[in-house]
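To start, the structure under review is shown below, and the notes come after it.
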Amino acid sequence: MAAIFANIDLAFLITALVKIVGFTFMMILPLVTVCVYLERRFSAVIQDRVGPNRVGIPLTLFGFKKDLQILGIGGLFQAAADGVKFILKEDFTPRSVNTFYYWLAPCLTVVPALLTCAVLPFGSELDLSLFGVVQPVKAVIADLSVGPLYTFAIASLGVYGIVLAGWSSNSKYPFLGGVRSSAQMISYEISLGLSIIPVFMVFGEMNLSKITSFQDLNGWLILPLWGEGLSVGRWVLWIPMMFSFIIFTVAMFAETNRLPFDLAECETELVGGYHTEYSSMKFALFFMGEYAAMIIGSGMAVTLFLGGWSIPFGPVLTSLTGFQFHHVAGSTPLLLGLVHIGVFLAKVLCFIMFFILIRWSLPRFRFDQLMKFGWLFMFEAALLNVLLTAVLMIWFPLK
Amino acid sequence: MPPLLFYLFVLITLGFGLNVVIARNPVTSALSLAVSFVGLASLFLSLDAYFIGVLQVLVYAGAVMVLFLFIIMLMDIKSEEAGGRANMAAIIAGVVVAGILSVQVATISGKLPFSDKSTETAALKLAEAGAQWEAKGKENLPTISRDLKAGELPDAKLMGETLFSKYAFHLQVVGLLLLVSTVGVVALSKRDNKEASSQS
């Protein structure tokens, strides 16, 4: 037994645990509630409504004059109120369902969605020498050499949750939703995977930390404005990278079942789609899984194309002001590390706002249009883009 | 990876593999197979073969098995669940095939040049390999030697390099085979459609 424990690096284990808890449960899950709030407020702005603007901490229940509004912004407590509502609702299981799979399905949606965040670098590195940790801690849970592929692999397991929810409910609308969703996700997974092959070709690298460090020094992939990014090669390759970004984003919308691709749960045709028969916290788990997938999808898009945690013009700012704004391996101050985490979150939030903006401004596709678009346009475009990048890279090879 | 985890994943792989065969419900069988694939993928990860491990999950557990499940769900599985008598001939054939396969694996793995070495006695010499790689000259890829020198195993890059240089022809043949089968499937399903429409 002692031999087993002798091999385990305790400092590594503790930092890994802190990172898992910190990133997954302290950042992504609260972001889900922030997303719900943003979705409601932003949709209200788009539709010229007010939206939830009064919910605060209900101090009036305890005899106070006014509810406490967090930060003075009304309605921030709405998401928490929604959560409490979900927990307090009756957890009803219809008699006709296949109970084991009916219970398994919500878990199979949330767990993969949360697992996928393991390879996302949410910051550069944290210099914890104050607390006695000698090596600076990398702000990524698992620094894998296969990065995005891991995320896609785990995300593709998320289909099981939806398929099983549709099947085990033993009812027509959920079944149709499940069938639609699995067909859609498999179709768009192909263009999603193909769309980032040009990115790997340009970087010569699949490790997300290295990809982000490179973008920090040499300009973001679709915004190469400093460092080596100002070379002709990067700007010629900017064209296929932009195609990649567009295809990736569209496929990401389809993968996360968001409008205009939310055929799996479109209310007007299928009541609620695959989660029609679910209630209470089980329904909330589907919701959480969907939003977590959206957040991590945004995180992936930001990391690959928009420089991840890097501050725009970091090296330029460093040479102009004398303060350090870009990441240097091994000598990044703690404060800068924290700023990098903040920058990453800010970028992800902006991308989520884009998700929400699209949802409330575009109508839904018809299912045959969706499949036709996926197979006859997206797939070919992604494939041609790989070819275009390869041809361009004959003249502008990677360093 | 601690041996404890190895045994855990072996147990998952084999246990759920067995469940594929003995489960009455086809959906359970299909899902067990998917879990078994995930267990197998973790065994690949323990061998530092991250790329193959991830592909195992991405392709088999994530795409192929979902399609299986898709088909099973569309069929009526009530008759299957009721169960029937075991098919003796099929069981015997299965056992014989499994036996032949294990004998084959045993003979081949016994003859490999590194069959007497273990991870303790033959550690990976990445820096050395990096220097060798750089000495290769023209065909060397800068990212591979950089990774090797930094003490990382660039498994995906090495695999790609081998596939597209040493086995380039084989890869083309496999690609052609897949293309032919795709065209065949489309042709078959097209003809069915026409017959169905002419009958109705």
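What's the FRET efficiency of A:L317 with A:T268 using the Cβ-Cβ distance as r and R₀ = 60 Å, to the nearest 0.05? Numbers along the way, then the final one.
Details: r = 50 Å, r/R0 = 0.83.
The pair A:L317/A:T268 has a calculated efficiency of 0.75.
May I ask you to list, by number, the DSSP H helices of chain A whose Cα span along the axis is at least 18 Å and whose average Kyte-Doolittle hydropathy reaches 0.0 or more?
Details: long enough: A:29-46 (26 Å, 1.27); A:99-115 (25 Å, 1.44); A:147-168 (33 Å, 1.27); A:172-195 (35 Å, 0.26); A:232-255 (34 Å, 1.55); A:280-305 (38 Å, 1.33); A:334-359 (38 Å, 2.39); A:379-395 (26 Å, 1.96).
Span-like helices here: A:29-46, A:99-115, A:147-168, A:172-195, A:232-255, A:280-305, A:334-359, A:379-395.
By the gyration tensor of its Cα atoms, with a ≥ b ≥ c the square roots of the eigenvalues, what is the shape of the protein assembly as shown: rounded for a/c under 1.5, prolate for a/b over b/c, or oblate? Mind showing how you got there, number by number?
Numbers: a/c = 1.38, a/b = 1.02, b/c = 1.35.
The shape class here is rounded.
Once label points are set 7 Å from the Cα along Cα→Cβ at both B:N19 and A:W235, what is their separation, rounded to one decimal in nm?
Those two pseudo-labels are separated by 5.8 nm.
Extension gain A:E380-A:L59, at 0.36 nm per residue separation less the Cα-Cα distance, in nm?
Details: separation 321, 0.36 × 321 = 115.56 nm, distance 5.76 nm.
Answer, rounded to one decimal: 109.8 nm.
With every protein chain left in place and a probe of 1.4 Å, what is the accessible surface of B:K166, to the nearest 10 Å²?
140 Å²
Please report, as a whole percent, how much of the solvent-accessible surface of segment A:247-399 comes from carbon and sulfur atoms (probe radius 1.4 Å). Each step should come with its number before you reach the end.
Values: 5040 of 6490 Å².
Carbon with sulfur: 78 percent of the solvent-accessible area.
In square angstrom and rounded to 100, what buried accessible area do you get between chains A and B, total over both, with the probe at 1.4 Å? Could you put the intermediate results ahead of the total?
Details: alone 19540 and 15280 Å², together 32310 Å².
Between A and B, the summed buried area is about 2500 Å².
Sorted by accessible area (1.4 Å probe), largest first, how do B:S46, A:S195 line up?
Highest to lowest solvent-accessible surface, that is B:S46, A:S195.
By the scheme Lys and Arg +1, Asp and Glu -1, what is the net charge of all other residues having a beta-carbon under 12 Å from that of A:G374?
Summing Lys and Arg as +1 and Asp and Glu as -1 gives -3.
Determine the sum of side-chain charges near A:W226: Lys and Arg each +1, Asp and Glu each -1, restricted to other residues whose C-beta is under 13 angstrom from that of A:W226.
Working: positive: A:R234; negative: A:D216, A:E228.
Residues near A:W226 contribute -1 overall.
Counting only protein chains, not ligands or nucleic acids, how are A:Y278, B:Y60 ordered by accessible area (probe 1.4 Å), most first? Let's see the in-between values first.
Values: A:Y278 15, B:Y60 105 Å².
Ranked from most to least accessible, the order is B:Y60, A:Y278.
Keeping all protein chains in position, work out how much accessible area A:K372 exposes to a 1.4 Å probe, and write it in Å² to the nearest 10.
The accessible area of A:K372 comes to roughly 130 Å².
Tally Lys and Arg at +1 and Asp and Glu at -1 over the other residues with C-beta under 11 Å from the C-beta of A:W309: what net charge comes out?
Numbers: positive: A:K347; negative: A:E125, A:D216.
Summing Lys and Arg as +1 and Asp and Glu as -1 gives -1.
Give a residue-ordered list of calculated ³J(HN,Hα) values for segment B:96-104 (Karplus: 6.51 cos²θ - 1.76 cosθ + 1.60, θ = phi - 60°; whole Hz; x for Gly, Pro).
The phi angles translate into 5, 4, 4, x, 4, 4, 5, 4, 4 Hz.
Report B:I144's accessible area, 1.4 Å probe, all protein chains in place, as a number in Å² to the nearest 10.
Spelled out: B:I144, probe radius 1.4 Å, area about 0 Å².
Using r as the Cβ-Cβ distance of B:E128 and B:Y167, and R0 as 22 Å, what FRET efficiency do you calculate, to the nearest 0.05?
On the way: r = 25 Å, r/R0 = 1.12.
In this case the efficiency is close to 0.35.
I'd like to check one number: the per residue accessible area of the protein assembly as shown, probe 1.4 Å, reported in Å² as a whole number. Walk me through the numbers before you get to the answer.
Numbers: 32310 Å² over 599 residues.
Averaged over the residues of the protein assembly as shown, the accessible area is 54 Å².
Over the whole of B:142-152, what's the average partner chain Cβ count within 10 Å per residue? Rounded to a whole number, please.
Working: counts 4, 6, 1, 0, 3, 5, 0, 0, 1, 0, 4.
Per residue, the average neighbour count from other chains is 2.
Work out how much length A:L338 to A:A11 would gain on full extension: take 0.36 nm times their residue separation and subtract the Cα-Cα distance, in nm to one decimal.
Taking A:L338 through A:A11 to full extension adds about 115.7 nm, to one decimal.
Got a sec? Which residues of segment B:17-35 lose 50 Å² or more of accessible surface with every protein chain in place, vs. that chain alone, 1.4 Å probe?
Those are B:L31, which lose 50 Å² or more relative to the chain on its own.
Arrange the residues A:M294, A:M26, A:M242, B:M75 by how much accessible surface each exposes, largest first, with a 1.4 angstrom probe.
Numbers: A:M294 0, A:M26 130, A:M242 55, B:M75 110 Å².
These residues rank, largest area first, as A:M26, B:M75, A:M242, A:M294.
The values are calculated or read from the model by the stated rules, or taken from the named source; none is laboratory data. What you see is a predicted model, and the numbers here were worked out from it, not measured in a lab. Cβ atoms come from the backbone with ideal geometry, glycine included; neighbour counts cover every protein chain shown. Protein only, heavy atoms only, side chains kept; ligands, DNA and RNA dropped before computing areas. Shrake-Rupley method; radii C 1.70, N 1.55, O 1.52, S 1.80 Å.
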